[in-house]
Structures are given as C-alpha cells and as structure tokens.
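Read through the structure below, which is laid out as structure tokens, and then see the notes.
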Amino acid sequence: MDWIDAFLASGIRFTTPILLAALACLPTAWTKDLNVGLEGAMLFGAFSGVVIGLSTESGIAAVGLTVLIGAACGAVFGYLITYLRVNVFVAGIVLNVFAAGATVYLLRSMFGVKGTLSDDRIPAMASVSIPGIDGIPVLGAVLSGHSILTYVSWAIIVVAALAVRYTVLVRHLKAAGEHPAALTAAGGNVTRMRILAQVWCFALCGLAGVQLSMGQLTLFTEGMTSGLGFVALAAVIFCRGKVLLLALMSVGFGLSSAVAVQVNASVMPPQFAQMIPYLVAFIGLIVLARTAKDGGIRIATPVLED
Amino acid sequence: MSSNDQAAPSPVLELQGITKTFGPVVANENVNFDLYPGEIHALVGENGAGKTTLMRILFGMYRPNAGSIRLGGREVELKKPMDAIEHGIGMVHQHFMLVPSFSVLENITLGAEPGAGGLFDRGRAEEAARGPMERLGLALDPSTVTGSLNVATQQKLEITKVLYRGAKIIILDEPTAVLTPQETEELFVLLKKLAADGSSIIFISHKLREVFAVADRITVLRNGRTVSTTPARDLDASAVVAAMTGRSDVNLGRITRNAPEDDVVLSVSGLSTAKFEHDAALDSINFEVRAGEVVGIAGVEGNGQSALAETLIGTAAPLAGKIELAGTDLTRLAVSARRDLGLSYVPEDRHREGIPINGSVLEGLAAGTLRRHRGWNGLANAFPRALQAWGTDMISKYAIRTSGRNAKCHTLSGGNQQKIVMARELEEQPKCIVLAQPTRGVDLGAIEFLYDRIAEATARSCAVVLISADLDEILRLSDRVLVMYRGRMVAEETATETSREELGMHMTGAKALGTAA
Amino acid sequence: MNTQTATAQQADPQRKSHLPEGDRRRRPKASGRAGMPLARRLIQPAFILVAGLIMALVLIAAQGYEPFSTLGAGLDYALGNPASIARTLAWGLPLFVASIGVCLAYRSGMFNIGAEGQIYAGAMAAALAGAYIGPMLSGLHLLLCLLFAAVVGGLIAAGLGWLRAAWGVDEVLSTLLSNYIIMLFCAYLATSPLRDPARQSGTTKEVFDTAMFGEIMPRTQLTSALFVVIVLCAATWWLSERSVTGYRWRMTGESPDFAAASGISVKKARIASMATSGALCGIGGALLVTASQGRFWTEIGTGIGWDAVLIALISRARPVPAIIWVSVYCIMRSAARGIEQVSTVPSELSLVLISGIIIAAAARAGIFSQFTALKQRFAHVKGH
C-alpha cells in the first residue's frame, strides 16, 4: 500500500500551489477581470520567497513579506486595469512574459547565477505532522506531513466558502462583475472591488509561489511554475465561481500531476505523464463546452479596434 | 397637481442652468427643471435631446460643468450616486440595474445591506424589504432568482429598491419600453398612488400618449436645451411634437402606400424552433406575405419575435417547418444563399448585427456587394475605386450624415446608422425584407425618411415583414397585423380596422384560445 | 478598457449598454485615418520611444554603469554597421512570420495563444522533412520543409479553430493548453524515437544541406529566408487588410453578429483564419530549423510564440504595426546582447524592457485621460 500513500502525499503536494493560485484567481473571475497572469505572479512569488528567505533566513519573513509585496503589486495591477484602462487580458499575458524575463534578469544581476538558485541558508517551510493520524495508512498521507501552507490553503477554502454565503463583500465583488452599473447605481464602488480582487489575487499567488520554491524544495529555478498557473486558470474557469468545485478541480489536477512523478518511465514516457494535467484540462474544456447550457465559457479578450 | 397654484408649496427640487459637455458634444445647455411634492413631471424629448444626461446629473453619475441643484431649497453637490441616494433621490434606469444571478432580496438591499462587520443579516434584510414590497403589491419569495422574473416584475423590483432606500424623488427613465399596454396601465396606477402618498416623480419618455396619461406637467428638451415647461392639460400631442422636433409638419398618421398585389412572396408554414436565450421558442408559425404588402408582427418583446426574425434570415435553424420565398424552399439554406435569392434583413440590434460598429461606413454599406465574391475572388481587392464611389453615392442618396465613407460607424447617430442598414438592404432590390424594430432609437426626422423608403420598396413589389414593439408604427405602416404570444401567432387583424386596445388584448394572450390560428 | 471588451454575448451588453446614447458619440476617436493630424499619429510612437529609453537608462544605471555610453554600445552592436544590422535581422525572421500569423487569427477574433506550440510543431515537421527526405534540389527541399511545417501548424490550429467554431470551445484556453501538449510531444519525439543517437538527448538528426537556406551575407547568419519572409509579410498584409477574405475575417472578429446576419460564414472565417495563422506559425518554426539551427532540439524556440502573441496584441493585430514592433524588438534583443558584452547587465534586459514598454503603450490612453481629468479637477477647484 506504500505506493498509494506516496501517490496521495505527492498529490496533495502538487495540489497546494494549484489550489492557492486558483483561490487567488477566483475573485478576479467574479469581477470578470480574469487574471491570466497567474503564472507570472506565482513565479515572482517563488522568487521573492527565496530571495527574502535567503537574506533574512526566516521562513515567516519570507512568507509574510512576499504576501505583502504581492498585495502591493496587485494594487498596481488593479490600478493599471481600472484607472489606466489597460486590458486585463493584455496585462496578464505581459505579466507572464515579464515574470519569465525579470526573474532571470534579477537572478543574474543579484546573484550572478543562471538557471537555478539553491542555497543551504534558504529556510524550508515547516512541515506539520499530526500525531495520531500520522501513522494511519491513506488518511495519514492525506492529512498529515504537509507544508504549513497546505493547511493554510485548506483554511482559505473554508473562509472563502463562508464568505460567499455570508458577506456583503463577495456580493459586491460578484455584482461588480455581473452588472457593474447596478452596483454603481446602488452606491457601491466597482473600481474598488476590481482592484481588491487583484490585490487578493497577487497576495495569494505569492503564497502559491512560495509553496513552490520553499514548500516542496528550497530553490528557485527559471520558469519553475511550468504551466501550473494555467492549470489553475483552467480550474477557475471550470468551477464557474463555486469555491468547493474549485477545490475539487484543483485536487483533480494535483493528483493527475502526481501521476507524472509516480509512473515509471517503462510504463509511459515521462513527457506523456507530464502531459496528463494539460490533457485532462483540455478534455474537460471540450466536455464543458458540449454540455453547458449557455455554450460554455469565454475568456474576456480585448477588442482590437483603435 | 392642480393644487400648485393655491397653496404654492415650494419645489422639492430645482435644477438651474445645468450645462454638461462631453468633449465637443454639448449634452445639456442651460437646462432648468423643477419638481413639486406629489407631482408627476414628465421630461420628454427625442433620442439625444439630453434627458438621460440630465437625470444622470441629478443622480450624481455625471457632474455638470455649470449650474446648480437645489433640494428642498438648499443647494447640494451630488458627486456620486450615493450622495443622491442619501438626499432621497432614487432612479429606475431604462436598463434594469438588477444583478440577474442575485436573489430578489439581495438586489433590493444591494449597496445598503443590513448587518454588522460586513456580514449580511438576512433576517433584518427581509424585514426591511417587506414594507416596500407590500406597497408595490410584490408578493414574491425574497429568495427567488431575479433573472427568472418577467420584466414587469423586475421593474416593480426596481421601484421597490428605490423605496427601500427611502427615496422621496423617483426618476423613471423610459419605464414603459418593455411593458405591454396593460402592464403600462398598471404602472401608471401605481405611480399615481405613489405620488398621492407624497412621492415626487420624474417620468422620462418619448411616447406622447403615455406622457399625457400620467403627467401633471411636461418639460420638453430639444438638442440639450429646455424648450418649454407646461401643465399637461394645456397641451396637445401636436404641440409637444412640434416642441420636440422644432418642426410643425411631422406626419403622425398612416403612411400612404400602394395596395398589395396578389402573388404570395414569402410563405411560412409550421415553423418551430428550440428555446432562444432571450426569447420564446416558435411554435408552428404559419403566415404569408404578398408582393407589395406590409405585414406587421406585434407582440410584447420576448414572445418569439427575435426568434422569428433570426429563423427567417437563417442565423438560427428551425426544428420543423418550411420557409418559402417565391416558391423556393429556403429552410435549409445558409444566410448568404437566402440573401442571394432576394431576402433582406434589418436586424433589431443595430449595434451588434446591423452595422460593424467599429468598422467604417463603407464596410457597413458594402456587405451585400462583397457577399457575392466566390472562390479565388476572395483574394481580390475588397474596395476598388468603383465600390468606393458607389459608397459615396449611397451616402448622398440616403442622406446619411457623416464625415465620409471612411468614418467609423460608431461616430454616427442612431438614425444615420439605421440609414446605412436600410441603404445596404434596399439596394439589393430584395423580393422580401424582414424589418426588426426598424426605428428603435431613431429620431423622428429619420423615421419619416425610413418610412418613405419602405413605401418605395413596396411600390416595386417588395414584401415586407415588419416586426415592431411600437404599435403606432405597426398601425401606420401595415396592411395586416399578426400578434405573437408565447411563440405563437394568436391573432390576425386588418390594420385599418383594428385598434391599439384590441391588439393590446391579443398581446397579453387574453383572447389566445378563441382565435388561435 | 472594460467597456471595450468582447466577452460572452450574455455578459457584455450590460457593461456596454449602461452608457447612454450620447456616450457612443463622444468617444474622442478620430474618424478615418486620413483625417488624423500627423502630430497626433506620432504621439503614440514618441511616447513609447521615450518611455522605453527612460526605462532602459534607469535599468542600466541601476546596475552601476554609465547609462548613455552603455546603451550606445548596445545600439552600436545592434545597428552599428551593415553586418550587425543583418545579424539583428537574421534573429528576427521567424518572429516576423509568427507575429503576422498570430495577427491574422486575431483579426477574425480568434485569440491564438497557441503560437508557441505551433512553432514547435512546425520546427519538428521541417526538421523531419529536412533530415529524412532528400537530399534533393535545394529550392525544392526547402519548399517541401516549409510546406510540411505549414500543413502541420495549420492543421493543429484549424482543429482548435474548428472546436471553437463548431462546439464553442474557448480558443484562448484550448490553444493555451495545446502549447504544453504539443511541446511535450515534440520533446518526446526528440528524446526517444527520433533522437540523434550521436548527440545529447533532445535533438533530432541534422537536416541535409539542401534543406538549409544559404547565407546572403557572410558570417551574419542572414540567409535568403529573408526573401521568403518579405513575400509572406506582403501577402499576409494584402490578405488581411485589402482582400475580400480579409474583410470577412475582420467583420467576423469585430462584429460576429453583423457578419452572420450579412451572410458571412462565421464558422468558415474562424477556421480558415486559424488555419492560415497556424500555417504561418509553423513556417516560423521551420525557419528556426532551416535558416539557423539545422535540427530540432527541445528548446529551439522557447518564448518566441509568446513574443509573437504579445506583439500581435499590442499592434492590435495589424500587420504593419506588428512588423514595426518586431523590428523594434529585434533591435532591443540585439542591443541587450551588446550591452551584456560590455557590462554585467543580463541580456534579459530586452524582455523586461519590452514588457514595460508594452504596458506603457497599453496604458497610454489611460494615462492621458487621467492627466486630463486631473487638470479638469484642478481647473474646477480654481474656478470655485
């Protein structure tokens, strides 16, 4: 049964960054400013975590500061797409390219390394073993022994699900996306909601990035997000604004990523195994389009008129 | 209210010298407007006369360049809608400000949710919403999803929202556009009751009949200026039309046309479709249109008119039935093939379907010509000199007011945009043309021009299907009137022998069982 | 920009329609290009140029170098003499083709984010046609390679286009995901069945010499592929901006409902434009092999697809601005490499810069209107 435990444990490990990024993106889907730059924001988060961790040698500082920096970047991004009227799709794509270039640029100019930055002084996220549950097969692998950010992500699911039901804020976020004029006419502030969604998005993407660079490993590699942000984006699109569905989708993608690691190269070439989450998302997309009553989902793309 | 002159109460609202410009466009210029307690004051004017802008200023959505707003005698500054709401002003917008996926309760309380610490207190919200809902006779489960309600109920919900916020001044922007004649009557009764209870109401409309039915006073705007403010009882329709248009010769009667010929051009039989996104499914529709005949299709919007138009031109496919044009079966043909056979179409949503809104005037005009290129001709120059010259000719022939054939369509007014559509469709010399809401958002001058073109088309034996929500339009142009209700044709009348009231009855389905075709 | 976003049919009208009639007319846009005064047409490029220069200078200064002379050295490396111009141009050839390819799809409203994958597929196809067929007459062999790449890229894109046109599968997400699937599949081919056993894993066999473009300027890597690129750019420009087909695609992109109602087959337009777009991206990939690398390897075109997407977006899918943007980007890349040689400023400077410039360009209208609003508010305050 060891392989089941190993599979589940690594599935949860893969799920965490996807889940965090997807939860990050969710409010931007509510405000209809779907942020396609998750990938870039995560990469920055991963980089920032390692750099701060290296200089302060404190995991808490790395997490805390990365979230704060993320929130600040989110505010800037929000300002760009609202007041400065940059199309959110364009801004997201640019963010991805920018992150890929800027992290390498900074890596080389700050540390003089190319490719990977790893150092013993980079603190690892504490992993939490829950006594008692730890030893139980299957359950132990699922519930215990993960990075603290994994538990944080679970807590965020609960908070988000409750917030959807009980808070005014989520209502306003959704109204800002679905019918902004109605919110304005009712005295709400659409712009503030749209910026807030981006602040949340970037802060949580920062967490997702830190989980990648310090939760699983303690290093930063160029382009280490390798498409995880897009998988999270797919999860957000599939869940249609529902938090629990989002969590489920993320777990699905996490487990399918775990297959890639667990499957032996003699069974399947590694490239095929790595393809699994993307194939799952691709097929899911087609199924959704075929079954959805309103003809599926569309990502808001800019009108290219001058 | 006739009590104005006796007690001389002070106005609750005074707008003085309001001027608002958008870049080079002057939307309001030195506009004056006042409102007394318990009064229904109508604001009328053509599209683009500045009614909506003025009300948006009053509701804090725009800030005027000059002028003052006084509420109860005190000058106020309204920087955002919240300021207006706090001063007791409520607005029912032309396009509903309701979030479709929200519940009734969530929509009523949006922006003023009861509860502490950012949490939504459902119990208190229900209690607070109950009073206004009862005042409007809205017997609804507060957890109903708003998008599932019919438009008349949604409109009541809008008024409920306004009352929930404690408004004393209620602005209604074109509230009857989406209602049946009966629903409109109901709304008027409601408004009069609210006014009697002490609310002051500003009623914006361009439908004169309604203005006279409900208003105490009428203010006319033209080109952003106030033309007159007069008690309604001192006015008649022609005087208001003259004030609105600045002309005294506007024809409001029936359009003179040739009598229809005998041969059937368009024949529709047993046509049924699936449910449309915003419209009812068609349910075995049968009708015929003769050469030179105008058949009006009346009905409350959402009863299958859009479905009918789209199925006729071929952008939507029917489930069953047959469409024949001069004996040729069109049912399985693509849009381009139908058009090649002589079917033309003026779509209801001009901005989306009628013109390339971000494209040029020429691109809008030339669609018919460019459709005919086949195969490798697709690589040919799209706009050779000859076509450009033709475009310029069309602009003068149809009196399209634009800076030139390369102007972007969105820079044109609604009437001129519609002339582009009409020019393109009529220049194809169609055997049959389907007109869907052909004069919506078009000013009176352009409407006359368009009606003349339609009359000309029938003179050269073109069959016309006129789908319109405007009963006056249908009665002025049609030979026969068909009424749609829930995707079915429920009545057929001769235009000259029927009345608005009779058609209104058919439109609500009241007589559906008796006369079903 | 929100009100100008082409979203789903159901959500969009509400964002749009709360504007009153008057709003549509007051958009301060010039009507017709001819009417636009020259000064106003130059604002955008001038703004971008200044913004880019300032960013470059600041970034160089931040690394502790004298900004002007360092930048000068970089520009000299990129444009200093005919040979350096040729070198700069040679690197950009695939990007020219891919960028106008992406533009073409965008014109019909198909956001082909899958350029990266189609470039890889094209490169793989050309590498196979070049290495396993032939040797034969050089021109013929090259034609075969490009054709093969165009067909593979075109088929992939056409398939994705068909999914959108027929089943409503969102092409943004489907093309995005297709990138990873195609790139991983190509990586599999290059590491297992088609690997060149003589070399490290991840490369295919070298193509025959007859499948390589000849240099037209010695030691600059500028090959006769230049002429192919020029012809393709000109043809694409005609197709997109002048032809009847281009009109149909444009209308499909700008106003799909108008296109459908006036008898244009939206489905056909979408699939055809995607296919053409994919074919051009495939040829771009083929040029990577036949004009420089001589074989496929797993990181042959990393990032080029995304560059093409970015350039197509910022040039609003117009071929001429796209060609200008690619040229600018080529110069920046080349200059960044020159700067790297005289300093320790990493050559990724160009990526950082282009992102910054693009955001500045996209925000320009917003910045200006914010500025005007501020001025008005100030005037308002003074007036009181």
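A few comments on the model shown:
- Separation between Cα centres of region B:88-106 and region B:420-492, rounded to whole Å: 33
- Loop exposure criterion: trypsin sites (Lys or Arg not before Pro), DSSP state outside H, G, I, E and B, at most 13 other Cβ atoms within 10 Å. Applied to chain A, the longest stretch between such sites is A:122-239.
- In this structure, C:Leu143 and B:Ala242 have a Cβ-Cβ separation that, at R0 = 56 Å, corresponds to a calculated FRET efficiency of about 0.15.
- The chymotrypsin sites (Phe, Trp or Tyr not before Pro) found in region A:1-106 include none that occupy coil by DSSP while having at most 13 further C-beta atoms within 10 Å.
- Nonlocal amide H pairs with A:Thr301, under 5 Å, H built at 1.01 Å: C:Ala6
- Cα-based shape type of region A:65-105, given that a ≥ b ≥ c are square roots of the gyration tensor eigenvalues and the cut on a/c is 1.5: oblate
- Per-residue 3J(HN,Hα) values for region B:127-132, derived from phi via the Karplus relation 6.51 cos²θ - 1.76 cosθ + 1.60 with θ = phi - 60°, read 5, 5, 7, 4, x, x Hz in sequence order (x marks Gly and Pro).
- Distance between modelled label sites at A:Thr291 and B:Glu502, nm, 7 Å Cα→Cβ extension: 5.3
- Derived from the Cα gyration tensor, the three semi-axes of the equivalent ellipsoid of region A:1-103 are 28, 19, 12 Å, largest first.
- The base-10 log of I(q)/I(0) for region B:167-273, evaluated at q = 0.18, 0.23 Å⁻¹, reads -0.96, -1.36 [Debye formula, identical scatterers on Cα atoms, solvent excluded].
- Trypsin sites (Lys or Arg not before Pro) within region B:242-328: DSSP coil, no more than 13 neighbouring Cβ in 10 Å: B:Arg247, B:Arg254, B:Lys275
- For the pair B:Asp452 and B:Thr494, a Förster radius of 22 Å applied to the C-beta separation gives a FRET efficiency near 0.45, rounded to the nearest 0.05.
- For C:Ala235, the shell of other residues with beta-carbons less than 13 Å away shows a net charge of 0, using +1 for Lys and Arg and -1 for Asp and Glu.
- Of C:Gly356, C:Gly168, C:Gly301, the residue with the greatest mean-square motion in the GNM of chain C, using alpha carbon springs below 10 Å, is C:Gly168.
- Antiparallel beta bridges, as assigned by DSSP with both residues in chain B, represent about 55 percent of the total such bridges.
- Rounded to whole numbers, the Karplus 3J(HN,Hα) couplings from phi for region B:377-384 are 4, x, 8, 6, 4, 6, 10, x Hz, using 6.51 cos²θ - 1.76 cosθ + 1.60 with θ = phi - 60°, and x at Gly and Pro.
- Near the amide H of B:Val346, within less than 5 Å, lie the amide hydrogens of B:Val434, B:Leu435, B:Ala436, all on another chain or at least 5 residues away, with H placed in the peptide plane.
- With only Cα atoms counted, region C:41-140 has Rg and Dmax values of 19.8, 54 Å.
- Ratio Rg/Rh, restricted to region C:314-384 and using Cα atoms, in which Rh is the Kirkwood radius: 1.24
- A viscosity of 1.306 mPa s and a temperature of 10 °C, combined with the Kirkwood radius over Cα pairs in Stokes-Einstein, give a translational diffusion coefficient for chain B of 64 µm²/s.
- Within 10 Å of each Cβ in C:177-189, the average number of Cβ atoms from other chains: 6
- Counting only the Cα atoms, region A:118-236 fills a convex hull of 151 Å³ per residue.
- Based on DSSP H segments of at least four residues, each scored -39500 (n - 2.57), the protein assembly as shown has a per-residue ellipticity at 222 nm of -17000 deg cm²/dmol.
- The protein assembly as shown: Cα Rg divided by the 2.2 N^0.38 Å rule of thumb: 0.99
- Inter-site label distance for B:Gln388 and A:Ala61 at 7 Å from Cα along Cβ, in nm: 6.8
- Virtual spin-label span in nm between A:Ala126 and A:Ala161, 7 Å along Cα→Cβ: 2.6
- In region C:120-268, Rg over Rh equals 1.06, where Rg is the alpha-carbon radius of gyration and Rh the Kirkwood radius from pairwise Cα distances.
- Straight Cα distances below 29 angstrom link A:Lys114 to the lysines C:Lys205, with same-chain residues fewer than 8 positions distant left out.
- For chain C, the orientation-averaged shadow of the C-alpha convex hull comes to 23.6 nm² (one quarter of the hull surface).
- Coupling constants for region A:98-103 follow from the phi torsions by the Karplus curve (6.51 cos²θ - 1.76 cosθ + 1.60, θ = phi - 60°), and in residue order they are 4, 4, 4, x, 5, 5 Hz; glycine and proline get x.
- Sites C:Ile216 and C:Ser192 - FRET efficiency at Förster radius 45 Å, r taken between beta-carbons, to 0.05: 0.75
- Dividing the Cα radius of gyration of region B:300-448 by 2.2 N^0.38 Å, with N the residue count, gives 1.08.
- Residues with amide H under 5 Å from that of A:Gly145, placed H, sequence gap 5 or more: A:Val128, A:Ser129, A:Ile130
- Rg/Rh (Cα only; Kirkwood hydrodynamic radius) as it applies to chain A: 0.97
- Checked against a 31 Å cut-off, the cross-linked pairs B:Lys156/C:Lys267; B:Lys20/B:Lys419; B:Lys20/B:Lys207; B:Lys193/B:Lys275; A:Lys174/B:Lys275 give Cα-Cα distances beyond that limit for B:Lys156/C:Lys267; B:Lys193/B:Lys275.
- Scattering curve values for region B:104-165, log₁₀ I(q)/I(0), Debye with Cα scatterers, q = 0.18 Å⁻¹: -0.57
Throughout, read-outs are computed from the coordinates displayed, never taken from laboratory work. Being a predicted model, the structure only gives us computed values, none of them experimental. A quick note on method: Cβ atoms are made from the backbone with ideal geometry, for glycine too, and the neighbour counts reach across all protein chains shown.
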